[in-house]
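The values are calculated or read from the model by the stated rules, or taken from the named source; none is laboratory data. Values in this document were obtained by computation on a predicted structure and should not be read as measured data. So basically every Cβ, Gly included, is an ideal-geometry build from the backbone, and we count neighbours across all protein chains shown.
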Amino acid sequence: MAADTWLLMLLYWRLDRREVTGRSPLRILATILGVIGVLLIGAVAAAMGYFSSFLTRPDFPVTIPAGIIPGLMFTFVLIGVFVTGLNQAVRALFLSGDLDRLMVAPISTRSIMVAKLLSRLPSTVILLLFIAVPALTAYGIGIGAGPIYYVLGALLLFMAPLFGLAVGAVLAMLLVRWLPVKRLSELLAAAYALVGIGVALLFQLPRFFIQNDPEEMATSISAGSLSSFVNLVERLPLPTLWAGRGLVALDAGQIDGTGLLGLLAYILGTLGLFALVLLSADKLYMSGWLKTQSAGGKRRGLEKSDGRLGRGSLAAAIGWKDWLLRVRDPRQLVSLLGSGFIAVVVGALAIFRGGTGGDDSLIDLASQGDLAAPGVAGAFTAGFSPGVLMASWALFVGYVFLSNMATYSLALEGGAFPLLKAAPVRPREVWAAKLWSLYWPFAALFVVVLAGSWFFVRYSLGWAPYALLAGLMMGFGLLTINISTGFRYANLSWTDPRRMVTSGGGLVSLLLTVVYGLPGGVIILLGFGLSVLWPAAAIPLAVVGLILLGLYTGAWFVAMRRWAESAWDKLPV
């Protein structure tokens, strides 16, 4: 068994090395840039580890035990390897292309499982070497630790990936009994994307709650509350925190019962758990793999039903099909909506959150009239009134959530595009179906956000109809640009939802959006701003502004539709 396992691991590592060194020059350059990025992150981690050692010094207002920070490092590392371990186990144990041949070869299932899991170790260990090890080492330098701290600390860190692989392997073997393995992989990818979005939002949300005045914030945090928090963390029953305490105690030549117990629990939870899985889970792995092989054997009968296309419109049929595809693929849904959530939160901070020096937010200044100006200047500053800001915010929310979906709408067809191209359907009809299936959700989202914002920011309802019509036309023009760009730059052979347009499509879409959006925004603001100079002509000015915006958007609509039609025949089948 040992010889087979070692041989398989050597072969897998050789394949990984060839994949890294045999890439194209551009990919090699991207790899080099990635390595530089990891080195920079390692330098930042080392700096944070060194400066965190200052918290343990006697002159710090709150006494922090030296073992807490290494324990927190071990905790974060175990959480990280647990998150990645499940994905690595699923890909290694069930999605490898050579499993069909290995399972019928004269090799034990245990050797295959061990080789598959251990072959995934180098990537995780490299990340630990450049991120966790610098932080732990720099912290040891800061507290003046001895050689026991560095040697034992490195061993404990290198045991961490075993925990993630062991737990991930067990969960993967159980989950494949209820979920198809490809669907499980898609769900994991979506879950990791959600975790990334959640982390990004967590870094932004505290800005809503902290005080703007640094002095006021400093006085609100007392040494007593910080000391209580440190004591709470120290009392948490986590073996990783105990292991950090035991690591520092052993280095200092002290014997701490709790620390030794934590070290033992940490070793059993990493190395011991991995050994237990390897010795006892080979039958569970074999049964799970056999389950995945028979998962696609069921055939479902095609029941007769009245086709939706027979009674409904083509646009409704294509739109309904597109939304079903987006919802059923969690990777695609998270990829399309994730950037929208982040952009909305960042945009909200720009409008509703003031500066760190106690300055009022943009919406507060607009509500108080501080941004208003008399005379001709008022026609320009009218764009900073509360109603305009809320209408712009509603347009931004609706467009951000649906712009990527519009750009990827034709690429959503994927391998089925040749059937659509051969069908007796005109390109104009497909383009219109894609457009309207996304415009109506945009219109609903825009109206809901605009109406709901009135309950938080009181703006004049007299101009609400103008803002509503202008926003709906503006959103219509923006979506036509995204849809047509997707027709021209569709990547119909995509496998990653983030690569559904070919190179250059995103940049072209951005440029066309700016070219259309800036004049359109000027037309809207002139229709509203000139009413400040001539209040008696407010209604005629609003009507003229809407007419000009409608003509301008209509011209873009025709141009984008013709562009999409001309790109239809150039798409590969």
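Some notes on this structure:
- In the stretch 53-67, the qualifying residues are those that are of a type in the set (Val, Ile, Thr) and either part of a loop (DSSP other than H, G, I, E, B) or surrounded by 19 or more Cβ atoms within 10 Å (Cβ to Cβ) (or both), and the one that is nearest to the chain's Cα centre (by Cα) is Ile64.
- The set of residues from the stretch 12-52 being of a type in the set (Ser, Thr, Tyr) and either modelled with pLDDT under 65 or not in a helix (DSSP H, G or I) (or both) comprises Thr21, Ser24.
- Some residue of the stretch 466-479 being more than 15 Å from Trp393 (Cβ to Cβ), among the hydroxyl-bearing types (Ser, Thr, Tyr) and either surrounded by fewer than 16 Cβ atoms within 10 Å (Cβ to Cβ) or in contact with a Pro (Cβ under 7 Å, 6 or more places away or on another chain) (or both): no
- Of the helices (runs of 4 or more DSSP H) lying entirely inside the stretch 460-573, those containing at least 3 residues that are more than 35 Å from the chain's Cα centre (by Cα) span 505-533, 538-568.
- You will find that of Pro418, Pro424, Pro441, the residue that is free of Cβ contacts under 8 Å to residues at least 12 places away in the same chain and surrounded by fewer than 24 Cβ atoms within 10 Å (Cβ to Cβ) is Pro424 and no other.
- Residue check for Ser503: farther than 20 Å from Leu389 by Cβ, modelled with pLDDT of 85 or more and assigned by TED's automatic domain parsing to the domain that holds Ala394: no
- Pairs linking a residue in the stretch 163-185 that is touching a residue at least 60 places away in the same chain (Cβ under 8 Å) to a residue that is among the hydroxyl-bearing types (Ser, Thr, Tyr) and crowded, with 21+ Cβ neighbours inside 10 Å, with Cβ atoms under 7 Å and 6 or more positions apart or on different chains, are Phe163/Thr270; Met173/Tyr285.
- Residue in the stretch 287-294 that is modelled with pLDDT under 75 and in contact with a Pro (Cβ under 7 Å, 6 or more places away or on another chain) present: no
- Of all the listed residues (Tyr552, Tyr489), the sole one being surrounded by 13 or more Cβ atoms within 10 Å (Cβ to Cβ), of a type in the set (Phe, Trp, Tyr) and within 23 Å of Val430 (Cα to Cα) is Tyr489.
- Verdict on Val167 being over 17 Å from Ser287 (Cα atoms), over 26 Å from the mean Cα position of the chain (by Cα) and aliphatic (A, V, I, L, M): no
- Among the residues making up the stretch 409-440, those that are part of a loop (DSSP other than H, G, I, E, B) and either over 22 Å from Leu472 (Cβ atoms) or more than 26 Å from the chain's Cα centre (by Cα) (or both) are Leu410, Ala423, Pro424, Val425, Arg426.
- Residues (more than 25 Å from Ala189 (Cα to Cα) and modelled with pLDDT under 80) located in the stretch 311-335: Arg311, Gly312, Ser313, Leu314, Ala315
- Selection status of Ile255, under 28 Å from Gly146 (Cβ atoms) and modelled with pLDDT under 70: yes
- Criterion violated by Ser96 - all others in (1) buried (at least 19 other Cβ atoms within 10 Å of the Cβ); (2) modelled with pLDDT under 75; (3) farther than 17 Å from Val167 by Cβ satisfied: (1)
- Test result for Val457, part of a loop (DSSP other than H, G, I, E, B), closer than 15 Å to Ser392 by Cα and over 25 Å from the mean Cα position of the chain (by Cα): yes
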